[in-house]
Amino acid sequence: MMKNGNAFLSAMLVTAMGTTAFAQPRLVITPAAEDLDASGNKSVGRLVEWTAGPTAHYVPYLWERGVGFTRMPGMYATPEMVRGSSDLTNLVSNLRNDENWGDLNCFNGYCFANLPGCTPGEPRPPENPCWVPTNAFWYSSSTGWINTGSFDRLQDPGTGRWYGGTRCDGTIASPYDISGDGRYIVGGAWWAPLLHSSGGPGFGLCGNFYAFRYDSQTGQFLGLTSSSGSTTTRADRVNHDGSVITGYDLGPIPDGQGGFWSGRRLCVWTNGVQTLLDPYWSNSTIWPVNGPGTVIAGQPSTQFNQAIFGSGGIKLVRWVRQPDHSWQPQNLGRPVDRDQGLAIDILVALYPSAISDDGNTIIGTAQYNALGPTGTSRPFIWRPTLNNGVPLDLADYIASIDPTNPMLAEGFHLMHTRGISADGNRMLVTIMDRRNTCTNGAESHVTFTSGILYLDGTGVACDAPRIGTAQPFWEVSTFYPFGAALNVSASGSFPLSYQWQREDPNNPGQWIDLVDECTNFPLWGGDYTGFSQTFAYEGTRTNQLRIGMYEPTFCDRTGRYRVVVTNACGSVTSEPGMVTTNPAPIFVSHPGTSSFCATGGGSLAASVSGSGTYAYRWQFESPEGSDQWEDVVGPTIWDPFSNMFCDVSGETTSTLSISNVFLGSHSGTIRFRLRASAYACAGSAVSNPGALVLCQADFNCSGGVPDDADVAAFFEAWNAGDPSADVNGSGGVPDDADVALYFDLWNSGC
């Protein structure tokens, strides 16, 4: 339930709300959602799909209330975002430039300045392998995904060099938003100048980064100009018809002493004309604009607040568009610091994320104590009719109108806001769920999801559970202390309950409910005690099941798993997922026979086929001729039966190398084999034995057929009395018997 320190605030809010206290907030879980439609009944996001390995791919999915999940057609690698128009019929994402727009996939730029190994102005050798970048893509159901391209790519007639639209590392154009009508995409794209700032040939890659607006009807890429002529600008958010765009430029900021420094100045482009919103300090956060393009929200710098409002500090500010297209800032205040009993959470930043069409509901994230994951994130809401027009904590507001709402359960945390409906009643929130069902004082692991929050859900029907994606398998190839994981993406009215089950290995078709061991997984920003890597199951009642991989008990937990998701209006069962270990490897090549020289070394190699990661260990025969094998453990191995020893490397890889060999009474043939092991239950395979054979006649260790140079090297050592010339191993000073034996070996080729 709510922390006691805020109970008085909640009671006061109930009194202040009047009839609002009868509203019934409702939450519908919609996992991995990133954007919300204008009605608040649809969301779009990226769910995880799995292929062998398991390898995860993020895939855009549409979710609709009463319908469930719809996969957006296409093949996907790793898109980093997806957003949609007001009805989600048009989408934007950053996908791979597989069409090779601009012939950029292998383009490696031009030589300039002092780059080694090339001539200034000439193309550098293409990348090998090619690095396929991502680009902005626009989607409609009739066209599928369309590569937007970028700024015009131009060729200089005098030099033949290309300039203009280009790539920088893995990106061409980076999209950030799509207009409500679906026509326009905004973001930032790379533009390479023909000449470097020194006057020499440009690099052809990276260069300037310009804010853009792409028109899906005309295919035009429009650069948004900066009043200061900045070569670094970015467009972040756009209104319904594409006429109002927020972002930043990199420009001069007064230093208070008559000079300037360069920083990111938050701004707005209204019908293509830039207005600086905060010219006083550098800030690169994203500021939302409402659908009609009349209201912008942000947290400006304390320098801005001091200059405009007469006091610094943290403030939520609403800019209202005026008839002359100027923007008038309004100070809306800030949420209070939070009394948590033993400590006070101190507000350090505000990140507004969305605004209703009428501009009278603003939502966002209040960050307490520290920026980033070490701080505490909580959503806030502002309305002129709430809390005397001052932003307040969203959970506090829910508690004030519905004190027994299940969203207020201890450990269930609303974290961020990502979108809002046109009427301001429905909002997209992200959630951290650390509710603890352990009874032994331990803590189970944390899970994350998202959902659509109805501030007034009166009369909203329960939405039955639906499964978007469920992990079909986990092939275990490497030990992970936190275990193998099976995940499910399920939607439905909150609260959702999960029950993971395992198929009874003794009664196929029968399913056993799993129970947490509660062995204390670590939590964000905190320590843990009592964690054991030998656990069996964690998260049996969450959207992520973890299966302990401790050998050998893990072998008793392979098999089929599924999850039953239930809420007040139904339940759904996932398709079973299979947990296996990678199969035993199969050798496709064996070590064979190779030679080594007395003062140098040699190597053997083998290879296996199969999926997953295998553990390798070379072994050597000891004693010689016994077919008994000892593990090779570097840096030196020793055979006590012959007093043979040598240095080794690569004993846990598929290639073994030896050097500095002393044979003792061992023959000149040393036998090795490779053992390759799968994880846990699938066992191992061993190669056929291979051999490293001493080639004493290769006296200079050149590796070729022994020749006159080897003879010269031998006699140089023989004349010096060097023990290396004692080829018959008699132990005395090298003599004529060594010469005779050496020439016998030389004549035989080794």
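Each value in this text was obtained by applying a stated rule to the coordinates, not by laboratory testing. Everything numeric here is computed off the predicted structure, so don't read it as measured data. Quick reminder, even Gly has a Cβ in these numbers, built from the backbone with ideal geometry, and neighbours come from all protein chains shown.
Order these peptides, 622-629, 114-121, 602-609, by their mean beta-carbon neighbour count within 10 angstrom, highest first.
By packing density, highest mean first, the sequence is 602-609, 622-629, 114-121.
So if each residue of separation counts as 0.36 nm, and I subtract the Cα-Cα distance between Ala568 and Ala461, what length gain in nm does that give?
Contour length minus the Cα-Cα distance gives 37.5 nm.
Going by average Cβ neighbours within 10 Å, how do the peptides 497-508, 644-655, 423-434, 729-740 rank, with the highest at the top?
423-434, 644-655, 497-508, 729-740
About its Cα centre, how strong a charge dipole does the range 335-437 have in debye, to the nearest 20, once Lys and Arg get +1 and Asp and Glu get -1 at the Cβ? Spell out each step's value before the answer.
Values: 7 positive and 11 negative charges, 48 e Å.
That gives a dipole near 220 debye.
Return the FRET efficiency for the residue pair Phe662, Ser730: r is the Cβ-Cβ distance, R0 is 22 Å, and the value is rounded to the nearest 0.05.
With R0 = 22 Å, the Cβ-Cβ based efficiency is 0.90.
Can you list the residues, at least 5 places off or on another chain, whose amide H is less than 5 Å from the amide H of Gly419, using H built in the peptide plane?
Leu428
In nanometres, what is the gap between the two model label sites at Thr652 and Cys118, each 7 Å from Cα along Cα-to-Cβ?
3.9
Once amide H atoms are placed 1.01 Å from N in the peptide plane, what residues at a sequence separation of 5 or more from Gly468, or on another chain, have their amide H within under 5 Å of its amide H?
Long-range HN contacts for Gly468: Ser489, Ala490, Ser491.
Which value, in debye to the nearest 20, describes the size of the charge dipole of the range 708-748 about its Cα centre when Lys and Arg Cβ atoms bear +1, Asp and Glu Cβ atoms bear -1, and nothing else is charged?
For this selection, approximately 60 debye.
How high is the relative contact order of the range 292-377, in percent, with contacts defined as C-alpha pairs under 8 Å that are six or more residues apart?
Relative contact order comes out at 22 percent.
Treat the count of other C-beta atoms within 10 Å as a stand-in for reagent exposure and order Phe304, Phe212, Phe714 from fewest to most.
Numbers: Phe304 22, Phe212 30, Phe714 26.
Neighbour counts put them in this order, fewest first: Phe304, Phe714, Phe212.
Could you work out how far apart the two model spin labels at Thr70 and Ser39 are, taking each label as a point 7 Å from the Cα in the direction of the beta carbon, and quote it in nm?
With each label point 7 Å from Cα toward Cβ, the separation is 1.1 nm.
Could you pull out every residue, at least 5 positions away or on a different chain, whose amide H is within less than 5 Å of the one on Ala354? Hs are placed 1.01 Å off N in the peptide plane, and Pro or chain starts have none.
The answer is Ile363.
Calculated from DSSP H runs of 4 or more alone, at -39500 (n - 2.57) each and per residue, what is the 222 nm mean residue ellipticity of the chain, nearest 500?
Computed ellipticity for the chain at 222 nm equals -2000 deg cm²/dmol.
How do the peptides 225-232, 560-567, 394-401 rank, highest first, by the average count of neighbouring beta carbon atoms within 10 Å per residue?
Result, highest mean first: 394-401, 560-567, 225-232.
So what J values fall out for the range 678-684 if you push phi through Karplus, 6.51 cos²θ - 1.76 cosθ + 1.60 with θ = phi - 60°, rounded to Hz, Gly and Pro as x?
7, 5, 6, 8, 8, x, 9
Could you give the size of the charge dipole of the range 586-694 about its Cα centre, using +1 on the Cβ of each K and R and -1 on the Cβ of each D and E, expressed in debye and rounded to the nearest 20?
260
May I ask for the distance between the Cα centers of the range 254-322 and the range 33-104, given as a whole number of Å?
32
Roughly speaking, what is the stretch gain from Gln340 to Asn506, that is 0.36 nm per residue apart minus the C-alpha to C-alpha distance, in nm to one decimal? Don't jump to the answer; show the numbers that get you there.
On the way: separation 166, 0.36 × 166 = 59.76 nm, distance 5.08 nm.
Contour length minus the Cα-Cα distance gives 54.7 nm.
Would you mind computing, in nm to one decimal, how far apart the modelled labels at Thr374 and His325 are, each placed 7 Å from Cα along Cα→Cβ?
Result: 4.5 nm between the two label points.
Quick one: compute the contact order of the range 586-694, relative version, from alpha carbon pairs under 8 angstrom and 6+ residues apart, as a percent.
Details: 267 pairs, mean separation 38.0, N = 109.
Answer for the range 586-694 is 35 percent.
Take the alpha carbon gyration tensor of the range 708-748, find the square roots of its eigenvalues, order them as a ≥ b ≥ c, and report rounded if a/c is under 1.5; if not, report prolate when a/b exceeds b/c, else oblate.
oblate
Can you run phi through the Karplus equation (6.51, -1.76, 1.60; θ = phi - 60°) for the range 617-626 and list ³J(HN,Hα) in whole Hz, with x for Gly and Pro?
3J(HN,Hα) across the range 617-626, in whole Hz: 8, 6, 10, 10, 6, 7, x, 4, x, 8.
Using the charge dipole of the chain (Lys, Arg: +1 at Cβ; Asp, Glu: -1 at Cβ; taken about the Cα centre), state which of Ile185, Pro25, Asn128 has its Cα farthest towards the positive end.
Positive-end residue among those listed: Pro25.
Only Cα pairs under 8 Å and at least 6 apart count here; give the relative contact order of the range 72-138 as a rounded whole percent.
Once divided by the residue count of the range 72-138, the mean separation gives 33 percent.
Output ³J(HN,Hα) for the range 451-457: one whole-Hz value per residue in order, computed from phi by the Karplus curve 6.51 cos²θ - 1.76 cosθ + 1.60 with θ = phi - 60°, and x for Gly and Pro.
x, 9, 9, 9, 4, 10, x
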